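Down below is the structure, laid out as structure tokens.
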Amino acid sequence: MDCIFCKIIDGSIPSRKIYEDKFTYAFLDIADDVDGHTLVVPKKHIRDIFDLDKLTSEHLLTAVKMISQHYVEKCGYDGVNILHASGEAAGQTVFHFHFHIIPRKTDDNINCWTNFPGRKKTLDEMLEVLKIN
Ligand code: AMP
Ligand code: ZN
């Protein structure tokens, strides 16, 4: 399978590793956007959230929390944004599941929330469409 992140995990593509355990690999994103932009990925090839199993999600989220805590407690950051895209429609470009960690400092003026177009339906209309039970 031709997957960039699988190749990073097996070492055939170089990466700047932040953390690794049996299930998880974390490394710096090459994007020239924000200092400390980090990707956290399962070692197992999982395409997106629709493909994610319970055990992998537990390991992954545990690592995301640990790395975030490390950034805040040891690296001088004040908070983190955790970003994720599943599916082309959502902007996913690498189809190996990943979380982005964006380390944040107070007053860094980074806007992690896009300029949304504004809601077109009422909350109750959306509730009717989306509710599960
Ligand atoms: P997404 O658009 O959410 O699928 O995110 C994919 C991310 O992978 C982007 O932020 C890219 O900058 C990042 N990326 C792609 N190739 C590499 C690479 N070789 N090393 C590190 N990050 C990468
Ligand atoms: Zn992969």
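Coordinate-derived values only; no laboratory data. These numbers come from a predicted model, not from an experiment. Glycine also receives a Cβ, built like all others from the backbone with ideal geometry; neighbour counts cover every protein chain displayed.
A compact table of results
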| read-out | value |
| --- | --- |
| Additional length obtainable on full extension of the chain from Lys17 to Asp51, 0.36 nm per residue less Cα span | 9.8 nm |
| Orphan Cys of the chain, criterion: no other Cys C-beta under 4.7 Å | Cys75, Cys112 |
| Fewest-first sequence of Met126, Met1, Met66 by Cβ atoms within 10 Å of each Cβ | Met1, Met126, Met66 |
| Size descriptor, Kirkwood hydrodynamic radius, that averages inverse alpha-carbon separations across segment 9-133, Å | 16.4 Å |
| Pairs of lysines in the chain (C-alpha under 27 Å apart; 8 or more residues apart or interchain) | 29 |
| Cβ-based net charge around Val34, under 10 Å, with every Lys or Arg adding one and every Asp or Glu removing one | -4 |
| Whole-number percent relative contact order across segment 1-57, with pairs defined as alpha carbons under 8 Å at least 6 apart | 24 percent |
| The chain: angle of helix 54-74 to the longest principal axis, Cα-based, in degrees nearest 10 | 70 degrees |
| Summed residue charge, Cβ within 11 Å of Tyr77's Cβ, Lys/Arg positive, Asp/Glu negative | -1 |
| Net charge over other residues, Cβ less than 15 angstrom from the Cβ of Asn109 (K, R count +1; D, E count -1) | -3 |
| Residue exposure sequence - Arg104, Arg47 - by fewest surrounding Cβ within 10 Å | Arg47, Arg104 |
